[in-house]
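*Asks:* So that we are looking at the same thing, I have put the structure below in structure tokens.
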Amino acid sequence: MADSRVNKTSHHHFRSDSFPTRSHPLISEFNNQLSRLRCSEVTSSSSTSLSQKIIGLQDLHDCVDNLLLLTFAQALAQEQNQKWFNELLDGSLRLLDVCRIARDALLQTKECTRELQSTLRRRHGSKIELAREVEKYLASRKVVKKAMQKVLKGMQTKLNSKKNEDLAIVSLLKELEAATILVFESLLTFIAGSKLQSKSSGWFVVSKLVHPKRIACEGEETDANDFEKVDAALQTLVSHKTSKCDYSIHVQNVQNWMGKLESSIQDVDEVLECLSRRLVKTRVSFLNILNH
């Protein structure tokens, strides 16, 4: 898609503006990076896979930042292209907002995770107190999920309203924006969990954690990410479906999964912080073109 747009417009629309041909190294690099990023969309929903997507997106933004330094990019600031340029500028701000919201959600969940882990260590034997703290955590997760779903709906609207442009550089930058939105969709879905776990499905996940041999033949929940696993395990703890002999085992498993969740959040947030700086850099490049 990126190839056909860039090649067509470079031949028919932008010879006078010196838009790089398809043989230009930066255009080739952009197309290669974009292809790799799209291929990564079919991988699992693990934090490692998500981090790889975000790193791939960083590379794509680095490539575009180098393109924006070339003389052809100055065409964006021409009066006849002002509409497209303003859309790109607005889009860059929206992406920064989404990135900030995602990082805030990760930080909030990380803090709640640490508080609950502390409670689990202090009140291992007090079911009432523990249940109260678990309910607080699940309430916080409910707020985060709602926020992620709201942002997801807004991004889908923007993506569906994307138009085909004649201007070659705008088409390329729109490809970048669309790729960024798709990665952010994966990120927000990861944070929210692909589905709100029902009590029955939550019990199924936890049963696998406590009694892996009992239902090893079942595979429906193997793709659940760390957020979903912790949510499901905690829902089971407060649903009183655990026997006395299993309760301590469940608590230990919750602690283990929460430790893994905290590690996943840390890994994703680190690469997300780097991507945030790339998004700022791209926006600054746009503003520099405007003020040139």
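*Asks:* Quick test for you: out of L93, L88, L69, L76, pick the one residue that is over 16 Å from the mean Cα position of the chain (by Cα), outside any helix (DSSP H, G or I) and not polar (S, T, N, Q). First the steps, then the outcome.
*Replies:* Values: L93 fails: outside any helix (DSSP H, G or I); L88 fails: outside any helix (DSSP H, G or I); L76 fails: outside any helix (DSSP H, G or I).
Checking each option against the conditions leaves just L69.
*Asks:* For segment 166-188, name all the residues that are under 18 Å from K150 (Cβ atoms), surrounded by 23 or more Cβ atoms within 10 Å (Cβ to Cβ) and not aromatic (F, W, Y).
*Replies:* L187
*Asks:* Could I ask something else about it? Restricted to segment 95-120, and to residues that are farther than 22 Å from L275 by Cα and in contact (Cβ under 8 Å) with a residue 24 or more places away in the chain, which residue is surrounded by the fewest Cβ atoms within 10 Å (Cβ to Cβ)?
*Replies:* Restricting to residues being farther than 22 Å from L275 by Cα and in contact (Cβ under 8 Å) with a residue 24 or more places away in the chain, the top hit is R114.
*Asks:* What are the residue pairs meeting all of these: first residue in segment 249-277, first residue under 21 Å from V98 (Cα atoms), second residue surrounded by 14 or more Cβ atoms within 10 Å (Cβ to Cβ) and small (G, A, S), Cβ atoms under 7 Å, and 6 or more apart or on different chains?
*Replies:* S264/S47; D267/S47; D267/S51; V268/S47; V268/S51; V271/S51; L272/A102
*Asks:* Would you kindly identify the helices (runs of 4 or more DSSP H) lying entirely within segment 112-210 that contain at least 3 residues that are modelled with pLDDT of 90 or more and out of contact with any strand residue (DSSP E or B) (no Cβ under 7 Å at 6 or more places or on another chain)? Walk me through how you get there before you give the answer.
*Replies:* Working: elements: 127-160, 168-192, 199-210.
Counting at least 3 such residues, we get 127-160, 168-192.
*Asks:* Quick one: what pairs do we get from segment 71-94, first residue under 23 Å from R277 (Cα atoms), second part of a helix (DSSP H, G or I) and among the hydroxyl-bearing types (S, T, Y), C-beta under 7 Å, 6+ apart or different chains?
*Replies:* Qualifying pairs under 7 Å: S92/T282.
The values are calculated or read from the model by the stated rules, or taken from the named source; none is laboratory data. Just so we're clear, the structure is a prediction, and the values are computed from it rather than from any experiment. Heads up, the Cβs are rebuilt from the backbone with ideal geometry, glycines too, and the neighbour counts pull from every protein chain shown.
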